[in-house]
Amino acid sequence: MRQRTREVALSLAAASIVVAGCSGSTETAETAPTPGTNVVESTTTGSLSESTDATAVTTSVETDPPTTPAIETTAPEVTGAPDEPFLTDVPGRLVDSAPNVNSPGEIYELMPKLWLFIPSEPDPNDPNVIQPSPEDAEILAAYARYRAALYQDSTQNPLPASPSAEVRQATSENTYGNLVPLYAQRSSARQHFELGDGDLYRPVVLQEPRTDSRVTVYDCVLSSSRWVNDADGSIAAGSSDQLIVGGIEEVMVRNDAGEWVYGGGMSNPDACVE
């Protein structure tokens, strides 16, 4: 049975970490690094708050006036050889199938039980399947590297007390700094992440808002992973062994070297189209 987005913060993300409003106020809840935990880089206060209810997220990762995100629904023109992978320089391998993927496209197995799906054409039966534009390839490859690095860390038993060099390379400076104490907290609790039947990411780069150095990514994630206790593998408090379908809104930014890196995010049910 699928659970919907109100339970994403408890099961998909363990705790939804979002930027506080311009007032800088915060509210405290459970904190923990997790592949679904999205640490937002603020361009204003840089402060953090947490919520265990995805519907409690009221702030935006953008400082500009809110706009209606534009999602490409028509197939863009694709260049390059037909047999050339859309993403390059990503970990893992291309596979023929993955759970809950029923549309044409490329399936990247970033590590066992962790998949990222890039559609090759729209699916009239699934509005969450949206073909990316060629200019999105570099951004989505960076997104894949971040996800792979975070899962490689989080699934270790014991969990490392601080993020790996791979996570550092894949994230912005502020986002990395926000992850450091979260790793320490979950490591001290002697818990690590277990993939269960696996997690599937389906990122979509929005056409608006978008600049040369900052883009927004929507992802309707299907997750059956959970936090477990190191000693006996039992499911940790606040985690679930059920399939979770949840939307996340994330930001990719260019670092000082001009490379795309992960700049944070938050739970957003609008990222999953019914």
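Couple of notes before you dig in:
- Residues within the range 211-262 that are under 23 Å from residue 89 (Cβ atoms), touching a strand residue (DSSP E or B) at 6+ places or on another chain (Cβ under 9 Å) and of a type in the set (D, E, K, R), tallied: 5
- So residue 247, is it buried (at least 20 other Cβ atoms within 10 Å of the Cβ) and of a type in the set (Gly, Ala, Ser): yes
- Selection status of residue 241, free of Cβ contacts under 8 Å to residues at least 24 places away in the same chain and surrounded by fewer than 22 Cβ atoms within 10 Å (Cβ to Cβ): no
- Only listed residue being free of Cβ contacts under 8 Å to residues at least 60 places away in the same chain and either touching a Phe, Trp or Tyr at 6+ places or on another chain (Cβ under 8 Å) or surrounded by fewer than 19 Cβ atoms within 10 Å (Cβ to Cβ) (or both), chosen from 170, 144: 144
- Residue check, residue 156 crowded, with 22+ Cβ neighbours inside 10 Å and modelled with pLDDT of 95 or more: no
- Verdict on residue 129 being of a type in the set (A, V, I, L, M), closer than 21 Å to residue 223 by Cα and surrounded by fewer than 21 Cβ atoms within 10 Å (Cβ to Cβ): no
- No other residue among 257, 231 is part of a loop (DSSP other than H, G, I, E, B) and under 29 Å from residue 157 (Cα atoms) apart from 231.
The values are calculated or read from the model by the stated rules, or taken from the named source; none is laboratory data. Worth saying up front: this structure is predicted, and the values here are computed from it rather than measured. So basically every Cβ, Gly included, is an ideal-geometry build from the backbone, and we count neighbours across all protein chains shown.
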